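Q: Mind having a look at this structure? Questions to follow.
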Amino acid sequence: MTDTDRLPELDERLIRSRLQRTRFARLGYVDDDGPVIVPINVIIDDDERVVFHTNPTSALAALDGQHVAIEIDGFDPASRSGWSILVRGVARDVTASSDVVAMKAKVAPVDSWAPGVRNRTFVVLALAITGRTIPMGADGDWFAGVPAS
């Protein structure tokens, strides 16, 4: 892969700004059957910890101590451009914890779109955060042969 094949990285300021506005993401983890990616509602705190709530009987409730990935992205179909931020970290169930981080996470205003009770609180402690932009190609076509509409 040459340098011209690599996607440009987002600068740290832009990553932080987009993280602060994020309310929807994808959570990736590995279970006994292999990789899983699910949509989740989140809020990112001032220390770039990802907070989400889940149902006590959901698969996500078993993620305590597991390595996970959170993807946040956006795109503009008109310009065929976009961006993506990847947070790699460890999920921590803070439901029964009483430390400052846990107490803030439990009252974080995560607006869950899923039905049912969401009274388990998780915090993803970031180990690495990266971001990339996807600029429109010189030929203006991301996917040859696929219509733009």
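Q: Any idea what angle helix 12-21 forms with the longest principal axis of the chain, computed on alpha-carbon atoms, 0 to 90 degrees, nearest 10?
A: Tilt of helix 12-21: around 60 degrees.
Q: Just want to confirm a number: the relative contact order over the chain, from Cα pairs under 8 angstrom separated by 6+ residues, in percent. Walk me through the numbers before you get to the answer.
A: Details: 280 pairs, mean separation 41.7, N = 149.
Result for the chain is 28 percent.
Q: In a GNM of the chain with a 10 Å cut-off on Cα contacts, which of Asp93, Asp45, Asp32 has the highest mean-square fluctuation?
A: Residue with maximal mean-square fluctuation among Asp93, Asp45, Asp32: Asp32.
Q: Provide, in order from the shortest bin, the percent of all Cα-Cα pairs of segment 9-92 in each 5 Å bin, continuing until the bin that contains the maximum pair distance.
A: All Cα pairs, binned at 5 Å, distribute as 3, 12, 25, 24, 17, 10, 6, 2, 0 percent.
Q: Moving to a separate point now. Which of these, Asp11, Asp31, Asp76, has the largest mean-square fluctuation under a Gaussian network model of the chain (Cα springs below 10 Å)?
A: Looking only at Asp11, Asp31, Asp76, the biggest GNM fluctuation is shown by Asp76.
Q: Apply the Karplus curve 6.51 cos²θ - 1.76 cosθ + 1.60, θ = phi - 60°, to the phi angles in segment 78-84 and return the couplings in whole Hz, x for Gly and Pro.
A: Residue by residue, segment 78-84 yields 5, 9, 6, 10, x, 8, 8 Hz.
Q: Exactly which trypsin sites (Lys or Arg not before Pro) in segment 44-135 are in a DSSP loop and have at most 16 other Cβ atoms within 10 Å?
A: Numbers: sites: Arg49, Arg80, Arg88, Arg92, Lys104, Lys106, Arg118, Arg120, Arg132; in loops: Arg49, Arg80, Arg118.
Listed in order of number, the matching sites are Arg80.
Q: Tell me the Rg and the Dmax, in Å, that the Cα atoms of the chain produce.
A: 17.3, 55
Q: If we count chymotrypsin sites (Phe, Trp or Tyr not before Pro) as exposed when they sit in a DSSP loop and have at most 12 other beta carbons within 10 Å, what is the longest stretch of the chain that avoids them all? It would help to have the intermediate numbers written out before the result.
A: Numbers: sites that count: Trp113, Phe143.
Answer from the scan: 1-112.
Read the figures in this text as sums done on the coordinates, not as results from a lab. Predicted model only: the values in this text are computed from it and were never measured. Note that we place each Cβ from the backbone using ideal geometry, even for glycine, and neighbour counts take in every protein chain shown.
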